[in-house]
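In what follows, a structure is listed as C-alpha cells, so that the remarks can point back to it.
Readers should treat all values here as calculations from the given coordinates under stated rules, not as data from a laboratory. These numbers were taken from a predicted model, which means no experiment stands behind them. Glycine gets a Cβ as well: all are built from the backbone with ideal geometry, and neighbour counts include every protein chain shown.
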Amino acid sequence: MTVKHRICVVVGDITRLDVDAIVNAANNSLLGGGGVDGAIHRAAGPELLAACRDLKGCETGDAKITRAYQLPAGHVIHTVGPVWHGGNADEPELLRSCYGRSLEIAKEYELRSIAFPCISTGIYGYPKQQACDVAVSTVIEWLAQNALPEAVTFCCFSEDDGQLYRARLG
Ligand code: AR6
C-alpha cells in the first residue's frame, strides 16, 4: 500500500469524526479559545478543560494528549501552531513540528487513526497554501517511515481548503 492511500481529505467539522485522535489547534495555555479549539471544547464538555488544566500549558510546536470525553473520537492531541509573523520567525519549522509531534504521540499511544485540522491557518494567520505544503510533506514523510498511525485525515473546514489538499496530494 502506498503512503497516499493512508491519507484522506474531508471537508467538515472535526468534532464529528470517529477516529482514534483528533488534533486541536490550541494556544499555549491549552485552556480553550475560538476556532476549532472552541468547537472541540464545546463538543467534548467541561471534563476536557479540567484535563487540560493538569497539562500546565504547551510550547509552540509541541503537543500533548488527553482523552476526548463527549466526543466520538478517542483522544484529543492538543498542539500549538505558530502565529504567522511573515515567515522569518521559524514558522515553517514550528508548524512542521506540530504535525510531527502529534504523529509521534499517536504512535506512542498505538493509535491507528488521526485527523488534523488546518493548524495555524485561521486566527494565527498562516498562509493556507504554505501551511498545506508543510502539513502534507510532514505527514507523507512520517507515513513512509512509520506503520502507526495507519491512517491520517486532513479535516478541512471549507471546500477551498479541501481543494488545496486534494491538489497537493495529486
Ligand atoms: N472543524 C475543523 N476545522 C475547523 C473547525 C472545526 N469545527 N473550526 C474551525 N476550523 P483556528 P489557529 C478550521 O483559528 O489558526 C484559537 O483561539 C479553521 O477554518 O481554529 O491555529 C486557539 O485557542 C482553520 O482552517 O486555529 C488559538 O488561540 C483551522 O481550523 C488560536 O485559535 C485553524 O483555525 C489558534 O489559531
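Worth pointing out:
- DSSP bridge orientation in the chain - percent antiparallel, rounded to nearest 5: 25
- Database remark: amide H of H78 closer than 5 angstrom to the amide H of N24, K64, I65, T66 (H placed geometrically; neighbours at sequence offset of 5 or more, or on other chains; Pro and chain starts carry no H).
- Segment E159-D133, extension gain: residue separation times 0.36 nm, minus the distance between their alpha carbons: 7.7 nm
- Cα-derived Rg to Rh of the chain, Kirkwood definition: 0.93
- Calculated [θ] (222 nm, deg cm²/dmol) that DSSP helices of n ≥ 4 give over the chain, each run adding -39,500 (n - 2.57): -12500 deg cm²/dmol
- Site pair C8 and E104 shows an inter-label distance of 2.9 nm when each label is modelled 7 Å from Cα along Cα→Cβ.
- Packing-based ranking, highest mean first, of 15-23, 80-88 given that Cβ atoms within 10 Å are counted: 15-23, 80-88
- Phi angles of the stretch 18-34 translate, via the Karplus equation with coefficients 6.51, -1.76, 1.60 and θ = phi - 60°, into HN-Hα couplings of 9, 10, 5, 8, 9, 9, 9, 8, 9, 10, 4, 7, 6, 9, x, x, x Hz per residue; Gly and Pro are given as x.
- Once divided by 2.2 N^0.38 Å, the Cα radius of gyration of the stretch 28-112 becomes 1.11.
- Relative contact order, whole percent, for the stretch 1-96 stands at 31, derived from Cα pairs under 8 Å and 6 or more residues apart.
- Relative contact order of the chain, pairs being alpha-carbon contacts under 8 Å that are 6 or more residues apart, as %: 30
- Placing unit charges on the Cβ atoms of the charged side chains and taking the dipole of the stretch 94-145 about its Cα centre, the candidate lying farthest along the positive direction among S97, C132, T121 is T121.
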